[in-house]
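Everything on this sheet refers to the single structure shown next.
The values are calculated or read from the model by the stated rules, or taken from the named source; none is laboratory data. Keep in mind it's a predicted model, so treat the numbers as computed, not measured. Note that we place each Cβ from the backbone using ideal geometry, even for glycine, and neighbour counts take in every protein chain shown. Accessible surface is based on the protein model in full, side chains and every heavy atom, while ligands, DNA and RNA are left aside. Shrake-Rupley method; radii C 1.70, N 1.55, O 1.52, S 1.80 Å.
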Amino acid sequence: MKKIIVILTILGGMLVFADAKSDFEGAIQMIRDNKVTDAVKALDKLSKGRDADYATKSNIVLGDYYLSQNDLVKGESYYKKALGDKSKVNPDTISAALKLGNLYLYQGKNDQAGEYFEWANTATGDKEVRILEVLGTYYYRVEKKDLAESKFLKGAQVAPTDIPIRLTLIEFYELKGDTTSSTKYFKEIQKLNPEFKYSTLGTYFAQTGNTDLAIKYLTRSQQSEKDPYADYVLGAIYYNQGIEAERKGDAATAKTLKDKGVKSLESASKKGVKDATDALAEIKNSGK
């Protein structure tokens with residue numbers, strides 16, 4: 001009889017965990033189906049359930065949801081529930097810690113943000129490149145640039161084929177004025193990806209919002225690589241800068257930049273860059 005009870009208990013526990021997985025996946029599908037209210041109720045129930053793993057996952061999704069609704073207090077509370085007492089280290093608790101760090105950074109609570117970033121890095125043995133990159137970026141933001149550099153370099157060391165950390169190092173050294181080091185990491189990326197060019201790097205900086213570095217590398221591409229796509233991206237940058245100057249009431253600067261942008265777009269279009277042709281058509285139709 002005792003043996004039967006034990007077997008039934010084990011089977012019951014397995015069913016609970018199986019149900020938790022199924023319920024969690026069902027809640028995620030509800031979100032995809034835009035049944036958000038029902039999904040939140042299901043996730044809230046799971047967050048209080050017996051399956052610790054799916055309770056953690058549910059708390060993270062709930063935290064994300066409430067942040068998307070600008071309810072930072074509730075978002076924070078669910079991330080904290082997901083993290084718990086920091087005794088468990090797994091991808092979900094690490095995710096919760098990073099989300100808390102980013103939330104506090106957004107709120108200007110830099111010391112609290114640092115605690116969570118540093119915990120995540122320590123918990124993963126100071127050897128996870130993405131976490132090292134996040135921690136380095138945090139240090140850079142709080143003006144601890146030597147610590148930032150050390151974490152970026154450690155990231156490159158533990159991930160010798162990782163391109164994103166090398167892009168971060170290029171930007172770090174460019175901002176520092178150390179072109180020797182930035183060139184070193186540019187060449188490392190080229191070894192990893194022979195198709196990586198100045199135009200690739202310039203486009204990357206344009207996408208991440210570092211306009212000065214975008215212009216620097218796109219111009220270098222125009223001069224040495226003759227890449228027509230660099231003409232297109234530069235044209236878009238200059239034209240958008242002209243729009244911004246116009247918005248500020250600086251008509252002379254606006255005209256200069258917009259003319260420069262159109263000229264670069266025309267050059268790209270003549271070389272067969274369809275995006276440039278489309279951009280010129282849009283400019284013409286807008287009448288600006």
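Restricting to segment 80-124, name every residue that is among the aliphatic types (A, V, I, L, M) and part of a helix (DSSP H, G or I). Can you show your working first?
Within segment 80-124, the subset among the aliphatic types (A, V, I, L, M) is 82-83, 89, 94, 96-98, 100, 103, 105, 113, 120, 123.
Selection gives Ala82, Leu83, Ile94, Ala96, Ala97, Leu98, Leu100, Leu103, Leu105, Ala113, Ala120, Ala123.
When Arg130, Arg166 are screened for being at pLDDT 95 or above, open to solvent by 70 Å² or more (accessible area, probe 1.4 Å) and within 19 Å of the chain's Cα centre (by Cα), only Arg130 passes.
Quick one: would you say Arg220 is more than 30 Å from Phe196 (Cβ to Cβ), open to solvent by 20 Å² or more (accessible area, probe 1.4 Å) and not small (Gly, Ala, Ser)? Talk me through it step by step, then tell me what you get.
Details: more than 30 Å from Phe196 (Cβ to Cβ): no; open to solvent by 20 Å² or more (accessible area, probe 1.4 Å): yes; not small (Gly, Ala, Ser): yes.
For Arg220, the condition - more than 30 Å from Phe196 (Cβ to Cβ), open to solvent by 20 Å² or more (accessible area, probe 1.4 Å) and not small (Gly, Ala, Ser) - is not met.
Of all the residues that make up segment 137-177, how many are assigned to a helix (DSSP H, G or I) and either within 15 Å of Ala113 (Cβ to Cβ) or in contact with a strand residue (DSSP E or B) (Cβ under 9 Å, 6 or more places away or on another chain) (or both)? It would help to see each step written out before you state the result.
First pass over segment 137-177, keeping only residues assigned to a helix (DSSP H, G or I): 137-141, 145-158, 163-176.
Right, trim to either within 15 Å of Ala113 (Cβ to Cβ) or in contact with a strand residue (DSSP E or B) (Cβ under 9 Å, 6 or more places away or on another chain) (or both) and you get 137-141, 147-148, 151.
Final tally of qualifying residues: 8.
Do you know which residues across segment 76-125 are of a type in the set (Gly, Ala, Ser) and either within 11 Å of Tyr138 (Cα to Cα) or open to solvent by less than 40 Å² (accessible area, probe 1.4 Å) (or both)? If the condition is that a residue be of a type in the set (Gly, Ala, Ser) and either within 11 Å of Tyr138 (Cα to Cα) or open to solvent by less than 40 Å² (accessible area, probe 1.4 Å) (or both), then Ala82, Ser95, Ala96, Ala97, Gly101, Ala113, Gly114, Ala120, Ala123 are the ones that fit. Cβ separations smaller than 9 Å between residues 6+ apart or across chains give the following pairs from segment 110-131 residues that are under 19 Å from Glu149 (Cβ atoms) and of a type in the set (Val, Ile, Thr) to residues that are outside any helix (DSSP H, G or I) and at pLDDT 95 or above: Val129/Ala159; Val129/Asp162; Ile131/Thr124.
Please determine whether any residue of segment 233-251 is closer than 23 Å to Glu174 by Cα, over 30 Å from the mean Cα position of the chain (by Cα) and in a helix (DSSP H, G or I). Checking segment 233-251: not a single residue is closer than 23 Å to Glu174 by Cα, over 30 Å from the mean Cα position of the chain (by Cα) and in a helix (DSSP H, G or I). The conditions of being surrounded by fewer than 15 Cβ atoms within 10 Å (Cβ to Cβ), out of contact with any Cys (no Cβ under 6 Å at 6 or more places or on another chain) and either of a type in the set (Val, Ile, Thr) or in a helix (DSSP H, G or I) (or both) are not met by Val61. Filtering segment 127-168 to residues that are more than 19 Å from Lys191 (Cα to Cα) and among the basic types (Lys, Arg) leaves Lys127, Arg130, Arg141, Lys144, Lys145, Lys151, Lys154.
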